[in-house]
Amino acid sequence: MEWLTTFDWFALACWLGAFVLIAAGFAGTVVPAIPGLPMIAGGAWLVGWADDFEKIGRASCRERWVGRRSPFSRCSP
């Protein structure tokens, strides 16, 4: 039962919230009453916040917007 105290419950809550936001955002691309794009962006922000912006961080966003090869190229960590 010691794993219950060492488990990162905050990260789990962020990941679950991000999953719900992104899924609802995809539904919002079909249903006009749901704001799809802001919900997907909020879910991506939660994913970044859950792991202290290691996977989705400032450097990867800067490389994406400044552009390395094309706007669809993958950013390296």
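Where a number appears in this text, it was derived from the coordinates with a stated rule and is not lab data. Remember, predicted model here, so these are calculated numbers, not experimental data. FYI the Cβ positions are ideal-geometry reconstructions off the backbone, even for glycines, and counts take in every protein chain you see.
The VAL30 and PHE7 beta-carbon pair, evaluated with R₀ = 25 Å, returns a calculated FRET efficiency of approximately 0.10.
For the peptides 6-19, 39-52, the ranking by mean Cβ contacts within 10 Å, running from highest to lowest, is 39-52, 6-19.
3J(HN,Hα) couplings calculated from phi for segment 26-43 with the Karplus curve 6.51 cos²θ - 1.76 cosθ + 1.60 (θ = phi - 60°) are, in sequence order, 5, 5, x, 6, 9, 8, x, 6, 9, x, x, 5, x, 6, 5, 5, x, x Hz; Gly and Pro show x.
Measuring r between the beta carbons of VAL20 and PHE53 and using R0 = 22 Å, the FRET efficiency lands at 0.60. Across segment 9-22, rounded Karplus estimates of 3J(HN,Hα) from the backbone phi angles (6.51 cos²θ - 1.76 cosθ + 1.60, θ = phi - 60°) give 5, 5, 5, 5, 5, 5, 5, 5, x, 5, 4, 5, 5, 5 Hz, Gly and Pro being marked x.
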